[in-house]
Every structure is written in structure tokens, then in C-alpha cells.
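Here is the structure we will look at, set down as C-alpha cells.
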């Protein structure tokens, strides 16, 4: 058993869930009426305990041991087996899933927020249950009753694993180019069964020894279907065939050709999978033919939210490592008192600044992710149709922000955590360097961050003819108008106003570019737009939290644990606005240049 | 022999050296009069060849094999031995060193710029010769004739290795706290010989099997000396004692206790060294007692410039990997033409943007580093005293910028290189993920980047009563005044003007903070000041290069290799100003907030 470095404090998580978000509203929904705040609190405490005692201690071991490949079979790090067992037996895997199939039926908000803990305890391990659940949900949503009966409960309860098989060697971002074929099998008793042939690459958890079976969801083109994304279908392809009575059949001709050596997440097997090399691989069509991309997008969207959760989990764990180290480590005097004694480095101004980046960054991400999951619950359970519909649009709008912003932001923040530890941070005893290696993949998978920026600009901005975005920005403006003279946060609301204006200016210009045929300016700047939008959104949430903390401070002793937490929250909200939100202005200045040098330069000059 | 991924193009390096910097002036100096431009050009070509054929192919091997430790002895990756042999036999190690002791006597400018190639080919390997040379130079500068005769040539020619031993477990950034003792030895025939006792940590190249001996330069306190940095002396401590006649004596009681597991530079041994555990370790005082910090600072300053060179080397290699991959890899159509065929991703707008970040970033770093080394040559060889003195101040001013800015910037840029390669970039086949791991140490060692920011603000800004900085900023203002209506770069000069103003505002405020006792605002913002200053400086150089390229374009065919290079340079200068220099405005906006939330927050809130 390795050393545990998972040391999350539950205070901010509980603040978000019980004080900031409208938990009473969630509890009023029929689906959640059997739960209470005490239940959720106990669940969080239990999750923290499992993370500290079971999952956390496997993180470094998993990194060092990694996965091993031999003759098509993959072994995960030894300690992962115990994690899997504990997660499965205690229902942690499918915390928010449908109880009909063995899930715990928790609100998405609770499940999403505790997801941060598991990802922060061991992200590499968490990929295995994460994919099994996402995969199971797709079958739950689109499968026949028979499919559901065969697969879903087994995936929610940890009996079988799952994958999503999109990428091929020649079709990554360009998924429509995929070559995997599905050949209708006249001999099959079920007309939905096809033969599958093709190679998938970079398949996370593509093979492993945690479960007796792995259910692959494979994108393939039925012979003769249209080229491009419109001719892609989705197939359930078990590693070992499952008979109609639920018993295991024969091996299904899915061969793992190798696993990748990677920068991080060494415990998560990244596989090349060959389907039907011997002509014996069978898959079951999920839903209608040629509807595969739309269905996969449901899983993809959930996975994109999951990316934000992973990024938050790793960054928050890096923050924990850094803040605890900084409280212990004694070096040199303060800049403002060079002749005094040496002090713990948490008192050093620049260390403090970096810790504030980490604190403000993680809390802002947690706020944004909490809001997103809360909108999911409202969208799924709210009786009022208009509110439900609106929440759905918010989910759509926020998803690319949570995916792309948190993953790049987390990478930058973990750099600060390494820096706080200094030379020790570069060495492997403490896991901050591992967090930096683990997090980097998240800006690439589930659609690169650029693809998510395009999704924001191309699909999300013009939802309801632009009214969703417009409604949000009007809300921010109203909020700043109400509080611009706040004695504590006045300057911050002024910054928020300006930053929201700058963010709005992006969309005005984009409209203009669309109209005037200056389309090329959009892909050159859309990652920046996504970043501006995210920072304004997070600043809005941080100020909401700051105002709330300010109010709560009236009722508590300033030196009590709660008092210190609320005072911390007030300063953190200010810090976010004055030091992170301000980045909007650089990106806006760049936007105003309408620079095309990157396209004007001759290709041969690179 | 591993795969070579070193693919540097020599064009920009030769542009900097032969077209941008005043190479004729350097050649006019007596010390360099035997060289010609052709010589330098041939030397660059040869260096590129050695990097491609000998050093480059060991980079990935070195990372995977790493160093091994057993019973005090350290083995470097096997392939490093051949690199060392080739470097030593061909005089590459001491390219710019004194020919009297076996150096090649090249200008610092040439040595510094080819240093980028070696670091970019295999940074981990390069630490061994780098430390041997820096160490030798210190002995050359401060040793007695006897010391010089015994050690210097052996270090310049690769017979012996070297280290700098500052850090101890309890004294990192706070080096004045060190505990290593030097005890005068009444039995020694030479009164400069002391017994050394103590433990040094994180000693790069502290033990290895590349050379028969390693000469450690050790900071220690002579018994009874003042506490703090003022009581520290510097000692030459050979791993194996060297007799006055140059023959090797007995082992000198220096024991390597372990080597660190690290994020990167696996081929570079990071050692804990125990000196005098058996009371038998001897060191020779270098220079006067209690003058150790000042002397070590000479090596430290050179090492800080070396940090910039390392960062440039790694970033430029990451850029090479990314640009070559992007030219080969075909995926999807352009954003502006969704129905067209798929194209090489170098044509994709966002990939192009990231490649421009890498191109503009590396060229700007190369310009800044070239300027710095050129000032060293001027400072050392210029006959005119005022010019010589001024160049010395420029060296002082630029050193922290080159150290701190390039290392953090490089880390951010390599992120883009990974992103260009996508999933492949996260895997270890291509070395971009290794560059990201290797570069991270450079922002920590040789004084963290924060320490370098303090050096800039505390020591460099007030050189000559502030006139050095003021002279520089006036020069920038004059430059922008002359070119603000340039038909090509007009908007860029306007941005440069504003950015220089913002940078100047930092110094005005700092003056104010000093006067009004608001000192605490300085360490909270000085890393940002350093970044602003660096970006303005680099923008200035990029615009100088852009103007020059524009002029040169008049004399060449626009489609020739030179024509394409110059056109590329013009666009790159614009890109830098419009997309990177613009970051100054976010930092300046943050500065204007004079935010103290990071200090106001209760420590317990972390």
C-alpha cells in the first residue's frame, strides 16, 4: 500500500452544495424526495474516507507500476483491484445512476461534485469506472429492453467494464473519416447483429483485468452507408459474447494490439484494439442505423463534463499538497522584514500569491461545475417546463467551458503547485509533478479544447437565435449594476462589468465576421473567447459566493472555523476578479488587432 | 541507438548571428580576429551535425533508461558515454572558453547560441558538460596559479566533471542557512586546505561514471564565521584527491547517498552528497575566506543565462517536432471551407495559431539571448570603456529576464506543441511530452523565477540610480516614435509604446511603494513585472528584426528560400506584438488593482 496524498478538506464542497446551490429545490423533486441534506453530508464524508483510505494510497503506486501488456492481455496496477472491489461493493461507481439498474439515484449535483474527490484521489483508476458508467448510460438510454437487461446493471455495479471506441489511426478529431466496417450477418438470428472489422486507437481502458468482460461501444459504418459522420452507426461489442440468457459466450475476436507509453495516467490502459481480425467479431446495433454520432454525443457530452471534474480533482489535490507543504516548510524571512526570523513559506508573499491562484482557481471551477450539474438536475426533474427547458440550454452552454477552460487552467495552476514546492516539487516523492503529467491528457481527449471552442461558437452561441447567451450576459450586467457600489466588492463588480463587455464584444465581432465573410478570424480567436467567457462566468459565481459569505459572516464568530472560511471566501472572490479575471483584457486587446499573420505567413516559413 | 528527433533549421540562428547582431564588430575585437563569418557558419553546421547524429539519438533513450544508483555509485544512461567522448574530443564543451586551458576561444555569442542546439538535442546530457565548464571557469577566475594548473584544462577538455554544491535539506532558496562546515586542518601543508563536513542535496551531476574524477565547488562555513550569507566560503572539493603533481590521490570521503526520482531530465543525476562522513574529506579554499557567495554568484549568473539557453533549446525542439508533424498529418477540412477535402493540419487555423506561438516565442527568446551574449562579448572585449561598461549593465539587466521569462514561457509553449500533436503528443513516441517534463526544472533551479524577479527589482532596477533601466525605456520610446507610422508595423509600434508605458508604470509604482511603506505590494507583483519587461524587450527585438527583414526583402525573390524566411519574419514580428505582447495589458490591469487579498486572507483559510 502506497502513501496517501489525498487530503481534501470538505468545507468548500459543502459550501457549494449546501449553502451556494439551491439544495432545497433539488430535494423538492420527486426523484430525490427520499434524500436529506444529512444523507448527502454523510455520503460526502464517506467518499472522503474511501478516497483517503482506499483510492488515494494507490495513486503513486499506479503511476510507477503502470499497466503491463503481454500477448493481448493487459494487467492494471495490482492495487487497483482492491479499489475496484470497494467502489463496486459500496455503490460508488453509479452514484447518480438509475436505481432500477443498481445505481444509487443521487442527484447529478451530488454525484458530479463527489466525482472530484475520486478523480483527485487517483485519476488513472477513475477512468475505469467512469467509462463503464457512461457506456452503461448510453445503453440505458438507447438500447432495447433486452439490451438493458443484459448489460446495464452489470456495468453500473462493476461486474463489467466499458469503453467508447471512436478514434482510429487516420481519424482522430476528424472522426467522420473512420474506416471500421459493420457487415450485416445473414446468419445471425437477430438482424441487429453485424460483423465488425477495423482498428481503434487510443482506447482508454480498452483492455484490462479488472472485470471478466468489457463492453465496447464502437462507431462503425454499415457497408454501403454514406461517407462522413452521417453514415456512422453505434454498436455494442462485448469482449466476450453475451448470450441472450445472460451467460457468457465465446471470445468475440477483439484483440488488444498494444498499449501506449504516456506522459501520465500510467495506470489507465490506452489500447489499440483490433476488431474482427479473424472475421469473428460481432456487434449489436444500438438504436437506429446511421444515428451513431448523435448517440455517441450524449456520452461525449457527459464525458466532457467529466473532464472538468477530473481537472478540478487534480488541481484541488495539487493545491492541497502545496498548501500543506507551505505550512510546514520553513525558509527565509519575509520580503518586508528581511532581518526577521525565517518563517513557514506560506507567509512568503509570492508563495501566498501562488496558493491564492490555486485556491481561487479550484473554488471557481468547483462553483462552475456545481452550477452545471445543478442545471442537469433541474433539466431532468423540474416540474415547470420553461425552467426545465432553460436549464437544458444552460447545460449546453456551460459544457464546453467546463471541458476546455478547466483543463487548460488546471495545467497552468498545477505549475504553480510545483513551484511552491520548489526542487521537491520536481521530484516524485510528492505527487505534484504527477498531477501535471496526469492532467495534460484532458485538454486533448473528448474533443480537443479547440473543438470545444468551436462547439461553443458554432453551436451554442446561436441557440434560440442567440437568446441564451444574450440572456446570460444581460444577467451579468444586471448583477454588476446592482452591486457596483458594494463597499467590499465595488472594484470587482466594475471589473466584471468591463470583462463582460469585452466578452460580449467577441460575439458582436463574430456576427460581423459571419456577415462580412471574415470567417477565418473566428477559429483564430475562439479559444480565447471561450477563456474570456469562462472567466467572466466564474467571476460572477465567485462574487455571488463572496456576497453570500459576507452575509453569513454577520452570524458567526470571525475567528471560528466558519468565520475563517467565510473571510477566506471574501478574499478569494476579490483575488479571482483582480488577478485572474483581468486576463480577459489581454485577450480582448489581441482580438481587437484582428491579426491574420498566422494565416498570411507562407506555410514554408514554418 | 535511439531515434533522433533533433531537427533544427539553422536559418533563424544564422539570421540572428550574421544579420541581426553586429558580428563585424565582434570580429574586430583582438580576441576574435582569427575567426571569420565562414568559420562561425561552419561551426554551426558541424554543431547541428553532431546534435543530429550523436546527441539527439540519445535523448529518448536517456529518458527511458535514466540514471541508476548502487552503493554510492551512479551510472548514466549507456549512450551518454559516446556523447561525452565526441563532445570532449571535438572541443564542443568549452567552445567559448579560454584557449590557454584548452577552450576554443569562440565569442560568447557563438558559444551561447550553439548552446541552444546541444540543450535542444539532449538537455539531460548537457547538464554534465555545462556544469564542468561553469565550474572550471570559476577556478580559472579565482584560483591560484596552482589551482588553475591542476584543474581548469582537465575540466574544459572533458577529463573531469564538475558540480556546484549550494542546496542543503534545510537551505534551498534560503542558502545563507547552510550548515556545511569547513574546519581548518592544522596538519595540512597548505593552509587553504580545510576538512569539510555536511550534506548537500539536489546536486545536479553530483556523481556519475562519465569521468574518472568530479570536482565539486562547495559552499561551506569556516568554523566561527558569521552566520548568514556573509560567512560563507567556497571550496574546491575533488571526489578523488588531486596531488600537487597532478596525479590522483585517494578517495576524498564524498559519498553519494541517493539520486532523486524526477519529473524529467532522467539522464541527469540529481544527488545527495555527504561530505566527510568519516572525517576524511578535504577541500581547498577558493579565493578569500567568506567571499564564497559573491564568487558563486558569477557561476550562478552564467548558469542563469544557461537556463534561458536550455529553455530556448527545448522549446525550439518542441516547435520543430510540432511543425514537422503538422505538415505530415492530414485531418479534416478548414473551418472556412467545411465541404472541401481534408488537409495537412498545418493549414488548420488553430494549429497555425499554436505553431505561430511557438515560432514567435522561440525567435523572440533567441533574439533576447543572442543580444545578451553579444553584450557579454562587448563587455569583455570592447576597447571603448563607456561602451564596455554599458554592455556590462545590460548583461546584469537582461540576465534575470532570460532566466525567468524563457523558462516559464517555454513551459507554456511546449503545452501548445503537445496540443498540436493531439493524442500522439501525450504519448511517448514523439518527445514533446518529454520536453514538457524536462523543461519544468529550469524555472526552479539557479534561483527560482521569483528570486530572479526580486533580483531584477531589488538589484537591477536601481543600477546607476535607475539610469540603466531608464535609458532602456527611453530607447524603446524613441524607437516607437520613429516607426509609429510604419505602413507595415504601425499598429505594432503603437502596442509597443503602450506596453512600454505600462511596464514603466510598474517601476513608478514601485518607487512609490518604497517611499510610502507599501513594500508588500512588490513581491506580490514582481513576477508580473519581469514578464512585462521581457515581453516589451522581446517585442522591441522582434520589430527590429521585422524591419530588417522588410529591408532585405527588397533584394531577394519573394519565393526564394531567403524570401520566404524574411516574409515569415515580418509576419512573426507582427504576431508577437499582437498576440503575445498584449499580455502586458492584463498584468498591468492586475497591478492597478493593488490587490492585497493574498495577504489579507487568514492563513488558516488555506
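Anything in segment A:327-349 that is in a helix (DSSP H, G or I) and either more than 10 Å from chain B (Cβ to nearest Cβ) or over 17 Å from residue B:169 (Cβ atoms) (or both)? List them, or say none.
Once the filter is applied, which keeps residues that are in a helix (DSSP H, G or I) and either more than 10 Å from chain B (Cβ to nearest Cβ) or over 17 Å from residue B:169 (Cβ atoms) (or both), segment A:327-349 yields A:327, A:328, A:346, A:347, A:349.
Only one residue in A:530, A:537, A:496 is more than 7 Å from every other protein chain (Cβ to nearest Cβ) and under 30 Å from residue B:320 (Cβ atoms). Which one?
Result of the check over A:530, A:537, A:496: A:530.
Return the only residue of A:388, A:352, A:323 being surrounded by fewer than 19 Cβ atoms within 10 Å (Cβ to Cβ) and not in a loop (DSSP other than H, G, I, E, B).
Step by step, each of A:388, A:352, A:323 is checked, and only A:388 is surrounded by fewer than 19 Cβ atoms within 10 Å (Cβ to Cβ) and not in a loop (DSSP other than H, G, I, E, B).
Across segment B:505-539, what is the number of residues that are assigned to a helix (DSSP H, G or I) and without any contact (Cβ under 8 Å) to a residue 12 or more places away in the chain?
6
If I filter segment B:293-316 for residues that are at pLDDT 95 or above, within 13 Å of chain A (Cβ to nearest Cβ) and crowded, with 19+ Cβ neighbours inside 10 Å, do I get at least one hit?
Scanning segment B:293-316 turns up at least one residue that is at pLDDT 95 or above, within 13 Å of chain A (Cβ to nearest Cβ) and crowded, with 19+ Cβ neighbours inside 10 Å.
Give the number of residues within segment A:142-185 that are crowded, with 17+ Cβ neighbours inside 10 Å and part of a helix (DSSP H, G or I).
Summing the residues that are crowded, with 17+ Cβ neighbours inside 10 Å and part of a helix (DSSP H, G or I) in segment A:142-185 gives 13.
Quick check on my filter: what residues within segment B:355-380 are more than 15 Å from residue B:568 (Cα to Cα) and within 12 Å of chain A (Cβ to nearest Cβ)?
none
Test residue A:549 against the criterion of being modelled with pLDDT of 95 or more, surrounded by fewer than 16 Cβ atoms within 10 Å (Cβ to Cβ), farther than 22 Å from residue B:350 by Cβ and within 14 Å of chain B (Cβ to nearest Cβ), and give yes or no.
no
Residue check: is residue A:170 touching a strand residue (DSSP E or B) at 6+ places or on another chain (Cβ under 6 Å) and farther than 21 Å from residue A:212 by Cβ?
no
Taking the criterion of being outside the structural domain of residue B:580 (by TED's automatic domain parsing), part of a helix (DSSP H, G or I) and in contact with a helix residue (DSSP H, G or I) (Cβ under 6 Å, 6 or more places away or on another chain), would at least one residue in segment B:272-292 satisfy it?
Within segment B:272-292, none of the residues are outside the structural domain of residue B:580 (by TED's automatic domain parsing), part of a helix (DSSP H, G or I) and in contact with a helix residue (DSSP H, G or I) (Cβ under 6 Å, 6 or more places away or on another chain).
Among the residues of segment A:577-589, is there at least one that is closer than 30 Å to residue B:566 by Cα, surrounded by fewer than 22 Cβ atoms within 10 Å (Cβ to Cβ), within 8 Å of chain B (Cβ to nearest Cβ) and touching a residue at least 40 places away in the same chain (Cβ under 8 Å)?
no
Which ranges mark the helices (runs of 4 or more DSSP H) fully within segment B:1-60 that have 3 or more residues being within 23 Å of the chain's Cα centre (by Cα) and crowded, with 18+ Cβ neighbours inside 10 Å?
Because the criterion is at least 3 residues that are within 23 Å of the chain's Cα centre (by Cα) and crowded, with 18+ Cβ neighbours inside 10 Å, the helices (runs of 4 or more DSSP H) in segment B:1-60 that meet it are B:11-14, B:37-50.
Being within 23 Å of the chain's Cα centre (by Cα) and under 14 Å from residue B:158 (Cα atoms) is the filter here; which residues of segment B:61-85 pass it?
The answer is B:80, B:83, B:84.
With segment A:201-267 as the region, which strands (runs of 3 or more DSSP E) entirely inside it contain at least 2 residues that are closer than 20 Å to residue A:184 by Cα and away from chain B (no Cβ under 14 Å)?
Values: elements: A:213-222, A:232-238, A:240-242, A:248-251, A:254-259.
Once the strands (runs of 3 or more DSSP E) in segment A:201-267 are filtered for at least 2 residues that are closer than 20 Å to residue A:184 by Cα and away from chain B (no Cβ under 14 Å), what remains is A:213-222, A:232-238, A:240-242, A:248-251.
Which members of segment B:395-425 meet the condition of being more than 24 Å from residue B:437 (Cβ to Cβ) and surrounded by fewer than 21 Cβ atoms within 10 Å (Cβ to Cβ)?
Answer for segment B:395-425, where residues must be more than 24 Å from residue B:437 (Cβ to Cβ) and surrounded by fewer than 21 Cβ atoms within 10 Å (Cβ to Cβ): just B:396.
Has segment A:562-576 got any residue that is farther than 30 Å from residue B:352 by Cα, within 27 Å of the chain's Cα centre (by Cα), surrounded by fewer than 24 Cβ atoms within 10 Å (Cβ to Cβ) and more than 13 Å from chain B (Cβ to nearest Cβ)?
no
Tell me the helices (runs of 4 or more DSSP H) entirely within segment B:392-472 that contain at least 1 residues that are over 14 Å from the mean Cα position of the chain (by Cα), touching a residue at least 24 places away in the same chain (Cβ under 8 Å) and more than 9 Å from chain A (Cβ to nearest Cβ).
In segment B:392-472, B:406-421, B:432-439, B:449-455 are the helices (runs of 4 or more DSSP H) which contain 1 or more residues that are over 14 Å from the mean Cα position of the chain (by Cα), touching a residue at least 24 places away in the same chain (Cβ under 8 Å) and more than 9 Å from chain A (Cβ to nearest Cβ).
Within segment B:230-268, track down each residue that is out of contact with any strand residue (DSSP E or B) (no Cβ under 7 Å at 6 or more places or on another chain) and under 13 Å from residue B:74 (Cα atoms).
Correct list: B:266, B:267.
Within segment B:61-109, work out how many residues are in a helix (DSSP H, G or I) and surrounded by fewer than 18 Cβ atoms within 10 Å (Cβ to Cβ).
8
Only one residue in A:225, A:188 is in the same structural domain as residue A:254 (by TED's automatic domain parsing), surrounded by fewer than 18 Cβ atoms within 10 Å (Cβ to Cβ), within 16 Å of residue A:281 (Cβ to Cβ) and over 31 Å from the mean Cα position of the chain (by Cα). Which one?
Just a single option satisfies the conditions, and that option is A:188.
The values are calculated or read from the model by the stated rules, or taken from the named source; none is laboratory data. As the structure is a computational prediction, the values presented were derived from the model and not from experiment. Because the Cβ atoms are built from the backbone with ideal geometry, glycine has one as well, and the counts that use them run over all protein chains shown.
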